[in-house]
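The values are calculated or read from the model by the stated rules, or taken from the named source; none is laboratory data. Just so you know, these numbers come straight off a predicted model, no measurement behind them. Cβ: placed from backbone, ideal geometry, glycine included. Neighbour counts: every protein chain shown.
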Amino acid sequence: MNGIKTFILIMAMTALLVWIGDLLYGESGVILALALSIVLNGVSYFFSDRIVLAAYGAQLVTPAQAPELCAIVANLAQRAGLPLPRVAIIADETPNAFATGRDPDHAVVAVTEGLLATMSRQELEGVLGHELGHVKHRDILIGSLCAVLAQAIMLLSRMAFFIRPRDDREGGNPFAAILVMILGPIAALVLQMAVSRSREYEADDYSAHLTGRPDQLASALKRIESLNRMSPMRDAQPATAHMMIINPLRGGGILELFSTHPPVAKRIARLDAMSIQMR
């Protein structure tokens, strides 16, 4: 099923790139966009983990460098029946975490220094169980592909302001730059939302059953959200925000509707209900 969803995502992102190319440069833009999408899909499949880790300055660590973190990951991975993922730390004081890679054999779990500093061991287990849930369900490939392609779409949308599109006689649209600038990022966001929201609930459920402590993940989510509001991540990016356990860019009010994640309050309520059932 995830293979079908991945294919649909690739086709949707490719169609969006082609649409942008057509608006800016007509037929030649379509050809260029198709070529670009082929390259990006290949690069994102094989190197998305490196791209995302580099975007956040994440450094891979060994058990000697981070013994407790690596021990927790190893224990949870064994209980989940997963290959041991690599572990990385992001030099950011705001707590957050994500998983990336193309499959469980090439997975990386990354956490911020802030997460290690603010979570109890049980809360940390809940967060890491959530990320291993993404690995188990093979969400990491979809999330990584979406991150790289969304970055490309948003970059093209910004570049559209400086690119003079072809006129109508050459197959372009004189208002293409303005249209792409406005609609490109919105379309990329909608695609991110389509692949993110339900997966967060599934990963929460997986962590709850893997650790047997849904209350600890609920506690972690509440604290992570609060600290993200107080001090947002320095390097948070719209193209990769959907990969985090808590969206570092999400605001309140009407912005909730455009978040790549479900409301934290609903996630906590579900976990609290599970905690009561598991007693």
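Laid out as a table, the results:
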read-out: Residue that is surrounded by the most Cβ atoms within 10 Å (Cβ to Cβ) [pool: residues in region 232-270 that are out of contact with any helix residue (DSSP H, G or I) (no Cβ under 8 Å at 6 or more places or on another chain) and at pLDDT 85 or above]; value: M244
read-out: Close pairs (8 angstrom Cβ cut-off, 6 or more residues apart or separate chains): basic (K, R) in region 87-115, surrounded by 19 or more Cβ atoms within 10 Å (Cβ to Cβ) anywhere; value: R102/S48; R102/D49; R102/I140; R102/L141; R102/S144
read-out: Residues of region 102-150 satisfying the condition of being surrounded by 22 or more Cβ atoms within 10 Å (Cβ to Cβ) and of a type outside the set (A, V, I, L, M, F, W, C); value: T112, E123, E125, G126, G129, H130, E131, G133, H134, D139, G143, S144
read-out: Selection count, region 96-129, where residues are assigned to a strand (DSSP E or B) and in contact with a Phe, Trp or Tyr (Cβ under 7 Å, 6 or more places away or on another chain); value: 1
read-out: Selection within region 130-168 - hydrophobic (A, V, I, L, M, F, W, C), farther than 19 Å from A55 by Cα and either at pLDDT 70 or above or in a helix (DSSP H, G or I) (or both); value: L132, V135, M159
read-out: For I72: the one exception among (1) out of contact with any His (no Cβ under 7 Å at 6 or more places or on another chain); (2) part of a strand (DSSP E or B); (3) not acidic (D, E); value: (2)
read-out: Close pairs from region 206-227: first without any contact (Cβ under 8 Å) to a residue 40 or more places away in the chain, partner not in a helix (DSSP H, G or I), Cβ under 8 Å, at least 6 apart; value: E225/I246
read-out: Output for region 117-150, where each listed residue is without any contact (Cβ under 8 Å) to a residue 40 or more places away in the chain and in contact with a strand residue (DSSP E or B) (Cβ under 6 Å, 6 or more places away or on another chain); value: none
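Conditions tested, residue by residue: (1) within 21 Å of H137 (Cα to Cα); (2) touching a residue at least 24 places away in the same chain (Cβ under 8 Å).
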| position | (1), (2) |
| --- | --- |
| V18 | no, no |
| L23 | no, yes |
| A33 | no, no |
| L36 | no, yes |
| L40 | no, yes |
| L60 | no, yes |
| P67 | no, no |
| L82 | yes, yes |
